[in-house]
Ligand code: INI
């Protein structure tokens, strides 16, 4: 037997948590995520967009969204750019670790759409330029994981 999640977003309720820090990048990630959701059948009313200060705040906010049981998946979007800060490693590390913990502890899929790059140019490349749009990719993963977990749980 083979089990896998499909990419049909009809009926899925999705929350997107997006940072205002580096908003020139994260707005593009959010647009990519919404594009992926809509093109996969998700309707506007089933998409909740939550704006938060920075990537450090993502785990706490995403934990609350997951705990609300209102969403089939949560998409976390941010951009941590090394050139901006000497505490890059702390912000990026805590965001990654915290989001991973939220997913495992809540049982709600959390898609990791946080860019961690050395330069602004690299972030732009991943937010709709040369290297695709990681917000779009994260949304597709959220859809697949929401459907996969539904299947595994027999819903
Ligand atoms: N937050 C980011 O999302 N990306 C960054 O690159 C960044 N830098 O460079 O510092 C950043 N810092 C803010 C941080 O996430 C918190 O919002 C802040 O420390 C207040 O808690």
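Values quoted throughout were computed directly from the atomic coordinates according to the rules given, and no laboratory measurement underlies them. Predicted model only: the values in this text are computed from it and were never measured. Neighbour counts run over all protein chains shown; Cβ positions are idealised from the backbone, glycine included.
Helical content of the chain, expressed as a calculated mean residue ellipticity at 222 nm, amounts to -15000 deg cm²/dmol (DSSP H runs of 4 or more residues, -39,500 (n - 2.57) each, divided by residue number, nearest 500). Taking only Cα atoms, what is the 0 to 90° angle, nearest 10, from helix 134-152's long axis to the longest principal axis of the chain? The helix 134-152 is inclined about 30 degrees to the chain.
For the peptides 7-16, 44-53, 87-96, 106-115, the ranking by packing is 106-115, 7-16, 87-96, 44-53, with the highest mean count of neighbouring Cβ atoms within 10 Å listed first. Here the Gaussian network model covers the chain, with springs between Cα atoms less than 10 Å apart; of 39, 63, 126, 39 fluctuates the most. With respect to the chain, whose longest principal axis is taken over its alpha-carbon atoms, helix 23-39 is tilted by about 20°.
Which value, in nm² and rounded to one decimal, describes the direction-averaged projected area of the C-alpha convex hull of the chain? Numbers along the way, then the final one.
Values: hull surface 35.7 nm².
Mean orientational projected area (the chain, Cα hull): 8.9 nm².
The C-alpha atoms of the chain define a longest principal axis, and helix 88-106 lies at about 10 degrees to it. Normalised by the number of residues in region 67-155, the average gap of Cα pairs under 8 Å and 6 or more apart makes the relative contact order 35 percent. Take every Cα pair under 8 Å whose residues are at least 6 apart in sequence, average their separation, divide by the length of the chain, and the relative contact order is 34 percent. Considering only alpha-carbon pairs that sit under 8 angstrom and 6 or more positions apart, the relative contact order computed for region 1-87 is 43 percent.
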